[in-house]
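The values are calculated or read from the model by the stated rules, or taken from the named source; none is laboratory data. Model, not experiment: these values are computed from the prediction. Neighbour counts run over all protein chains shown; Cβ positions are idealised from the backbone, glycine included. Only protein heavy atoms, including side chains, enter the accessible area calculation; ligands, DNA and RNA are left aside. Shrake-Rupley method; radii C 1.70, N 1.55, O 1.52, S 1.80 Å.
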Amino acid sequence: MFGKATAPNSWAGWFEGNVMINGNGFLTGMIPITSDANLKTNVQALTNASEFLDQLLPKTYDFLVDEHPEIALPSGPQMGFIAQDVELILPQLVKQATIPATYDSTGAQLTASEDITTLNYIGTIPILVAGSQHQQATIAQLQDQINNCCSAQGGVAPQGGSEHRMVPQENDLHEQRLLIIPNPVADLTMLEYYVPKAGKVSLQVSTSDGKPLATLREELAEAGAYNYSWNTTKLAAGTYFCTFMLDGAVVVKRAVKVK
């Protein structure tokens, strides 16, 4: 089937009702989605995006191509979400659909109809944007707290964990860095940090909304590579920020603890 629009703002095709495309769709232009303000009501700011992001579980997978020959499923490794997982968190993005049965030229049934769960991937974009904005606002808030904080004199011994200085590898000390291993965090999580020059070091943890939780370590440190064993057993599931400060220079990393 071929359709061509010959006049400006005309349609080469118009379908009333649901449309199923069993295969890839190739476009040379954009995909406008109906989003006019005049078509909407009860518009509100999305304020809890970070909670959704913490629960979404991106996966890699392969489609069962051979088991479903009637569907033009893509082959090879894929990345995305499992619709049933997302339905538990964002049911408004999930819809049920039915793949119709197929028949040969004599009317004999080749494959039975099948109910499947579909996901509106475009609906996840506002959550990603709002979550990123919230994270940037939190980082800015942490930066303001750091800038307004009075530096304590001397050092404070670590609490709730242990510290060990590692032998630096070549090129390790060119920049101030912080690694969280693993992340999502385990009950005992390693914070690896690199001190490019001697100075006052501080490791701090705060909640996703910027509320300080603990100072894990604060001391004068020589240039080198260090690690700190962070005990997270008393932390509830959620998002946290780990801040590594060196003489006012700041590195902030996002840490997630799942149930």
Exercise for the section: For the stretch 185-259, report the accessible area per residue in Å² (1.4 Å probe, heavy atoms, rounded to an integer). Expected result: 43
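For the stretch 4-110, what does the alpha-carbon gyration tensor say about shape, rounded, prolate or oblate, given a ≥ b ≥ c as the root eigenvalues, a/c under 1.5 as rounded, and a/b over b/c as prolate? Don't jump to the answer; show the numbers that get you there.
Working: a/c = 1.99, a/b = 1.14, b/c = 1.76.
In terms of gyration-tensor shape, oblate.
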Exercise for the section: Determine how large the accessible area of residue 253 is when every protein chain is in place; take a 1.4 Å probe and give Å² rounded to the nearest 10. Expected result: 80
Practice task
Heavy atoms only, probe 1.4 Å: what % of the accessible area of the chain goes to carbon and sulfur, would you let me know?
Solution key: 55
Exercise for the section: Roll a 1.4 Å probe over the protein heavy atoms and report the accessible area of residue 177 in Å², nearest 10. Expected result: 70
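Where does each of 114, 192, 222 land when they are ordered by accessible area, with a 1.4 Å probe and the largest first?
Values: 114 60, 192 40, 222 115 Å².
Result, largest first: 222, 114, 192.
Would you mind working out the magnitude of the charge dipole of the chain relative to its Cα centre, with +1 at each Lys and Arg C-beta and -1 at each Asp and Glu C-beta, to the nearest 20 Debye? Provide the component values of the computation, followed by the final result.
Numbers: 15 positive and 25 negative charges, 153 e Å.
So the magnitude is around 740 debye.
Of 113, 229, 105, which has the most accessible area and how do the rest follow, probe 1.4 Å?
Values: 113 75, 229 25, 105 125 Å².
Ranked list, largest accessible area first: 105, 113, 229.
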Problem - 11 Å beta-carbon shell around residue 99, net charge (K/R +1, D/E -1) - result: -3
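Taking the Cβ of residue 73 as the centre, find all other residues whose Cβ is under 10 Å away and add up their charges (Lys, Arg: +1; Asp, Glu: -1). Mind dumping the intermediate values first?
Details: positive: none; negative: 62, 66, 67, 70.
Local charge sum for residue 73: -4.
How would 124, 118, 233 line up by accessible area, probe 1.4 Å, largest first? Could you put the intermediate results ahead of the total?
Values: 124 15, 118 50, 233 80 Å².
Sorted descending by solvent-accessible area, the residues read 233, 118, 124.
As a quick test, which of the pairs 59/257; 211/259; 95/211; 4/40; 95/257 have an alpha carbon distance above 28 angstrom in this structure? Each step should come with its number before you reach the end.
Working: 59/257 18 Å; 211/259 21 Å; 95/211 38 Å; 4/40 31 Å; 95/257 30 Å.
Check vs 28 Å cut-off fails for 95/211; 4/40; 95/257.
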Completion exercise
Counting only protein heavy atoms and leaving out ligands, DNA and RNA, the solvent-accessible surface of residue 187 at a 1.4 Å probe, in Å² to the nearest 10, equals 90
Fill in the blank from the handout: In terms of the alpha carbon gyration tensor, root eigenvalues a ≥ b ≥ c, rounded if a/c is under 1.5 and otherwise prolate when a/b exceeds b/c or oblate, the stretch 32-81 is oblate
Completion exercise
Expected sort for 243-249, 51-57, 97-103 on mean C-beta neighbours within 10 Å, highest first, is 243-249, 51-57, 97-103
Practice task
Would you compute, from DSSP H runs of 4+ residues alone, the mean residue ellipticity of the chain at 222 nm, taking -39500 (n - 2.57) per run and dividing by the full residue count, rounded to the nearest 500?
Solution key: -4500 deg cm²/dmol
Problem - Accessible area per residue in Å² at 1.4 Å probe, computed on the stretch 1-153 - result: 80
